[in-house]
1. Just to be sure, is LEU192 assigned to a helix (DSSP H, G or I) and at negative phi?
2. I'm trying to understand the selection: among the residues of segment 227-241, which are surrounded by 18 or more Cβ atoms within 10 Å (Cβ to Cβ) and either of a type in the set (Gly, Ala, Ser) or assigned to a loop (DSSP other than H, G, I, E, B) (or both)?
3. Restricting to segment 200-210, and then to whatever is touching a Ser or Thr at 6+ places or on another chain (Cβ under 7 Å) and more than 9 Å from the ligand (Cβ to nearest atom), can you tell me which residue is nearest to LEU309 (Cα to Cα)?
4. Scan (1) exposed (fewer than 11 other Cβ atoms within 10 Å of the Cβ); (2) part of a loop (DSSP other than H, G, I, E, B) for the single condition VAL40 breaks and write down its number.
5. As an exercise: evaluate PRO136 against (1) away from the ligand (no atom under 11 Å from the Cβ); (2) within 25 Å of MET97 (Cα to Cα); (3) not small (Gly, Ala, Ser) and give the number of the one condition it does not meet.
6. Does segment 154-182 hold any residues that are under 22 Å from HIS374 (Cα atoms) and away from the ligand (no atom under 16 Å from the Cβ), and which are they?
7. Scan segment 245-253 and tell me whether some residue there is assigned to a strand (DSSP E or B), more than 16 Å from the ligand (Cβ to nearest atom) and crowded, with 23+ Cβ neighbours inside 10 Å.
8. Are any of the residues in segment 361-376 assigned to a helix (DSSP H, G or I), surrounded by 16 or more Cβ atoms within 10 Å (Cβ to Cβ) and either modelled with pLDDT of 95 or more or in contact with a helix residue (DSSP H, G or I) (Cβ under 6 Å, 6 or more places away or on another chain) (or both)?
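The values are calculated or read from the model by the stated rules, or taken from the named source; none is laboratory data. Since this is a predicted model, take the numbers as computed values, not measurements. FYI the Cβ positions are ideal-geometry reconstructions off the backbone, even for glycines, and counts take in every protein chain you see.
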Amino acid sequence: MGVQAELPGQGMTREAVIGRLKEMRHNDADWHSGRVWSLVYHVDDEHVRLLQEAYNLFFMENALNPLAFPSLQRCEQEVVAIAGRLLGGDGETTGTMTSGGTESLLLAVKTYRDRARALRPEVKAPEAVLPASAHPGLLKGMHYFGVTPVPVAADLRVDPAAMARAITPNTIMLVGSAPSYPHGVVDPIAALGEVALRHGIGLHVDACVGGFVLPFAAKLGYPIPPFDFRVPGVTSLSADLHKYGYAAKGASVILYKDQSWRNHQFFIAAGWSGGIYMSPGIGGTRPAGPIAAAWACLHGLGEAGYLRLTDAVMATAKKLQAGINAIPGLYVLGEPEGSIFAFASEGADLYALAEQMEQRGWHMDRQMLPPSLHLTVTPAHAAVADRFLADLAEAQAAVLANPALAQEGFAPVYGLMASLPDRGQVAEMVLNLLNGIY
Ligand SMILES: *Cc1c(COP(=O)(O)O)cnc(C)c1O
């Protein structure tokens with residue numbers, strides 16, 4: 001249907017407006033059924049009702065000025081304090097809530113840049129050393145804030161010695177992921193911490209996707225390497241409440257070792273005719289709903305709730321990994337510690353396999369360098385894991401029996417996008433796609 005650009009002359013009734021919105025949703029991804037492997041982290045309907053009720057209580061408030069809403073100030077302080085404690089912080093650990101992982105990463109980059117400006121004025125062209133597998137939100141932050149990324153190729157996990165070799169007099173920050181999004185493996189944070197201390201450079205740990213899984217998985221007895229503030233040398237950490245924190249969207253935390261770091265995050269305009277303006281993050285007006293819902297989420301689930309949910313997602317992830325490794329030609333990449341991972345194929349076209357899975361009603365996340373398919377396991381997947389594995393075995397057999405499937409549907413498009421050596425050309429194709437979408 002075409003975009004309707006006309007503002008209705010008369011307002012529609014509430015029923016008509018809501019009816020139209022519901023109609024528009026019929027082609028949307030069906031996350032409720034567990035057939036989508038990313039984007040939505042669903043616990044159950046009861047939990048969603050708690051989030052909605054808390055969110056709606058603060059629907060109209062604005063967290064731009066916490067002094068006007070002490071309730072929000074307290075919610076945010078407690079969310080940050082709970083996250084800090086969970087992630088190995090001490091009485092000095094501090095931070096703020098943000099709108100999501102990307103804002104947390106943007107702020108981390110800005111903080112390291114501004115700290116270097118203040119303490120190392122000789123650095124004129126700041127650089128950041130990060131694993132090539134690190135989340136693009138970091139590259140976005142570096143692009144926005146004039147920091148040159150120095151990516152270090154990672155054989156799934158980055159090599160700390162290679163990270164150390166990439167350090168120059170211009171390096172203002174190091175990054176490690178816990179875990180990396182593409183392969184779900186935790187970088188050697190303890191070794192990166194040693195490198196950071198040796199060179200006197202801060203280390204940001206991107207635990208956006210792992211921050212609310214790994215601590216509970218460790219408590220449950222899964223082998224989780226040290227990755228948080230307990231590691232000497234870690235100076236900041238990001239963790240998304242709206243992923244495995246199971247909170248409403250628009251909620252993450254950026255945490256610092258102590259306030260001397262966070263000082264460089266805040267923005268203050270002390271000479272404005274509109275009064276003193278202060279802002280902790282990227283935006284101005286801040287929705288209050290995500291803050292209240294995050295507080296409600298942490299208190300509604302409690303430690304027992306997170307342990308129960310983590311137990312379920314870890315068991316499902318292990319079952320899926322074993323099942324995938326048992327399908328001829330398919331194998332899990334590396335040794336993922338948490339509940340996200342990727343698998344690849346020997347001898348069959350992976351994008352054709354994805355196409356076959358889409359035909360069987362699964363929404364698949366395709367990756368590249370090397371080609372792989374990505375699974376973010378959530379509580380919704382426990383009930384569908386067996387069905388997924390059966391469909392996957394069938395789809396893989398179909399692709400092995402008929403290599404021509406690699407030329408059908410979107411498979412050749414993904415293949416081309418993944419393998420074109422000229423990445424500038426790919427970016428241009430994607431720019432056209434974006435213009436089409438927006
Ligand atoms: C999801 C993710 C991010 C970005 O978070 P958004 O909430 O999507 O902005 C950053 N880092 C990692 C490792 C992630 O998985």
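1. Numbers: assigned to a helix (DSSP H, G or I): yes; at negative phi: yes.
The answer is yes for LEU192.
2. Of the residues in segment 227-241, the ones surrounded by 18 or more Cβ atoms within 10 Å (Cβ to Cβ) are 227-229, 231, 233-241.
Passing the criteria: PHE227, ASP228, PHE229, VAL231, GLY233, SER236, SER238, ALA239, LEU241.
3. From segment 200-210, those touching a Ser or Thr at 6+ places or on another chain (Cβ under 7 Å) are 201-204, 206-208; that's our starting set.
Still in the list and also more than 9 Å from the ligand (Cβ to nearest atom): 201-204.
Values: ILE201: 36, GLY202: 33, LEU203: 30, HIS204: 27 Å.
In this case the residue turns out to be HIS204.
4. (1)
5. Only one criterion is unmet by PRO136, namely (1).
6. Of everything in segment 154-182, just one residue is under 22 Å from HIS374 (Cα atoms) and away from the ligand (no atom under 16 Å from the Cβ), namely ASP155.
7. Residues of segment 245-253 that are assigned to a strand (DSSP E or B), as a first pass: 252-253.
Those left that are additionally more than 16 Å from the ligand (Cβ to nearest atom): none.
Looking through segment 245-253, none of the residues is assigned to a strand (DSSP E or B), more than 16 Å from the ligand (Cβ to nearest atom) and crowded, with 23+ Cβ neighbours inside 10 Å.
8. As a first pass, look at segment 361-376 and keep what is assigned to a helix (DSSP H, G or I): none.
Checked segment 361-376: no residue is assigned to a helix (DSSP H, G or I), surrounded by 16 or more Cβ atoms within 10 Å (Cβ to Cβ) and either modelled with pLDDT of 95 or more or in contact with a helix residue (DSSP H, G or I) (Cβ under 6 Å, 6 or more places away or on another chain) (or both).
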